[in-house]
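**Q** The structure follows.
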Amino acid sequence: MELPFDLTTGQGAYLAAALFVAAYVRGYSGCGFSAIFIILAALTTNPLPLIPVIFACEIAMTLFQARGIRAHVDWSRVRPLLIGAAIATVPSVTVMARLGEDQARLAISTVILVLSLILLSGWQLRRPIGFKGNLSVGVLSGMVNSAGVGGLPAAAFLTAQPLAPAVFRATMIVFLTGIDIFALPVMHANGLTGPSTLVGVALAFPILGLGVWAGGLRFSSASQSQFRRVIVILLTLFSILNIAKVVA
């Protein structure tokens, strides 16, 4: 079978494994899926055409998780975050769509590295943040979502507040689904989707289901904070590898 995006068999197998790992993380923690897959994909291929596939997968994964998260979503945070993301989506995607392969890899890796370092710093908010603060974070998330990592600013922001793990997970799942729904039509308008996108989603779907299911089984049995820290450390290392690959 011919793989989409002119991938070789080896690249396809590598990306399938990366997809399972990313889906497992999403099933467990509610976030990290796009960033993990995109940064791993960038090590072997141009990540830009894969971003719409990942966004479609992100939306599909919500179907696996919707029933268990509804009661835990913090809508007072989700609404302004989504409004801010909607404001920033069109201009940011338009700019990203015009980058070359190395430029895209460098931009995506740099964004992930900076946001990962913020998460690792242990930064904490000293006072509650209202509508304007959430709106501003949403704008930032919408900007970097063109690189496939719109969840990282929101994750940093929510991690810096005293949220229960179930609330964090549910809120992130709803927010990520929303910003991906915003981004996909804009990406299509900028020529970033096509027949290969649909083939990629079809091939990814069974892997997604297995990964989310496996990750969901682990949700209540291990430390959320420790798990997320390990993931962020890995994102930092992979970002540095990608940047080195471009500048070498």
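**Q** One-quarter of the Cα convex hull surface for the chain, in nm²? Mind showing how you got there, number by number?
**A** Working: hull surface 49.3 nm².
Taking a quarter of the hull surface, the average projection is 12.3 nm².
**Q** Note the angle between two axes, namely the Cα long axis of helix 51-69 and the longest principal axis of the Cα atoms of the chain, as a number of degrees from 0 to 90, rounded to the nearest 10.
**A** Around 40 degrees separate the two axes.
**Q** From zero outward in steps of 5 Å, how is the percent of C-alpha pairs of region 94-186 spread across the bins?
**A** Whole-percent P(r) values from 0 Å outward: 2, 12, 22, 24, 20, 11, 6, 2, 0.
**Q** With N set to the number of residues, divide the alpha-carbon radius of gyration of region 64-125 by 2.2 N^0.38 Å and report two decimals. Please report the intermediate quantities before stating the final value.
**A** Details: Rg = 16.1 Å, N = 62, 2.2 N^0.38 = 10.6 Å.
Rg over 2.2 N^0.38 Å, computed on Cα atoms: 1.53.
**Q** Another question, if that's okay. Which net charge results for the neighbourhood of Leu82, defined as the other residues with beta-carbon distances under 15 angstrom from its beta-carbon, given Lys and Arg at +1 and Asp and Glu at -1? Intermediate results must be reported in sequence, preceding the final value.
**A** Details: positive: Arg77, Arg79, Lys132; negative: Glu58, Asp74, Asp180.
Cβ neighbours under 15 Å give a net charge of 0.
**Q** Moving on to the next point. Which value, in debye to the nearest 20, describes the size of the charge dipole of region 41-169 about its Cα centre when Lys and Arg Cβ atoms bear +1, Asp and Glu Cβ atoms bear -1, and nothing else is charged? Each step should come with its number before you reach the end.
**A** On the way: 10 positive and 4 negative charges, 105 e Å.
Here region 41-169 has a charge dipole of around 500 debye.
**Q** How far is it, in nm, from the label point at Thr8 to the one at Phe131 when both lie 7 Å from their Cα along the line to the Cβ?
**A** So the two model labels end up 5.5 nm from each other.
**Q** Any idea of His72's accessible area? Nearest 10 Å², probe 1.4 Å.
**A** Its heavy atoms expose roughly 80 Å² to the probe.
**Q** What's the angle, to the nearest 10 degrees (0 to 90), between helix 9-29's Cα axis and the longest principal axis of the chain?
**A** 10 degrees
**Q** Say R0 is 41 Å: what FRET efficiency, to the nearest 0.05, do Asn46 and Ala214 get from their beta-carbon distance? Please report the intermediate quantities before stating the final value.
**A** Working: r = 29 Å, r/R0 = 0.70.
The pair Asn46/Ala214 has a calculated efficiency of 0.90.
**Q** Now, a different point. Taking the Cα centre of each part, how many Å lie between region 129-173 and region 18-37?
**A** Measuring centre to centre over Cα atoms gives 16 Å.
**Q** Skip the ligands, DNA and RNA, and give the accessible area per residue of region 48-129 with a 1.4 Å probe, whole Å². Don't skip to the end; give the middle numbers.
**A** On the way: 4310 Å² over 82 residues.
The answer is 53 Å² per residue.
**Q** Ordering Ile129, Ile181, Ile39 by accessible area with a probe of 1.4 Å, largest first, what comes out?
**A** Values: Ile129 55, Ile181 90, Ile39 0 Å².
From most exposed to least exposed: Ile181, Ile129, Ile39.
**Q** What is the angle, in °, between the Cα long axis of helix 75-96 and the longest principal axis of the Cα atoms in the chain? Nearest 10 is fine, range 0 to 90.
**A** Roughly 30 degrees between the two axes.
**Q** Hey, another quick one. Can you tell me the length gained on complete extension of the stretch Ala71 to Ile83, counting 0.36 nm per residue apart and subtracting the Cα distance?
**A** 2.2 nm
**Q** Okay, moving on. Within region 4-144, what whole-number % of the accessible surface is contributed by carbon and sulfur, with the 1.4 Å probe and all protein chains included in the calculation?
**A** Values: 4140 of 6330 Å².
Using a 1.4 Å probe with all protein chains present, region 4-144 comes out at 65 percent carbon and sulfur.
**Q** Can you show me the helix-derived [θ] at 222 nm for the chain, built from DSSP H runs with n ≥ 4 at -39,500 (n - 2.57) apiece and divided by the number of residues, rounded to the nearest 500. Before the final figure, lay out each step's value.
**A** Values: 10 runs with 186 residues, N = 248.
For the chain, the value works out to -25500 deg cm²/dmol.
**Q** What number results when the radius of gyration of region 1-103, computed over Cα atoms, is divided by 2.2 N^0.38 Å?
**A** Details: Rg = 15.8 Å, N = 103, 2.2 N^0.38 = 12.8 Å.
Against the compact-globule rule of thumb, the ratio is 1.23.
**Q** Starting from the Cα of Glu101, step 7 Å along the direction of its Cβ; do the same at Ile233; then give the gap between the two resulting points in nm.
**A** 3.3 nm
**Q** A further question on this structure: Return the single residue from Val73, Val139, Val230 with maximal mean-square fluctuation; model: Gaussian network over the chain, springs between Cα atoms under 10 Å.
**A** Of Val73, Val139, Val230, the most mobile in the Gaussian network model is Val230.
The values are calculated or read from the model by the stated rules, or taken from the named source; none is laboratory data. Since this is a predicted model, take the numbers as computed values, not measurements. All Cβ positions, even for glycine, are placed from backbone atoms using ideal geometry, and neighbour counts span all protein chains on display. Calculation scope for accessible area: heavy atoms of the full protein, side chains included, ligands and nucleic acids excluded. Shrake-Rupley method; radii C 1.70, N 1.55, O 1.52, S 1.80 Å.
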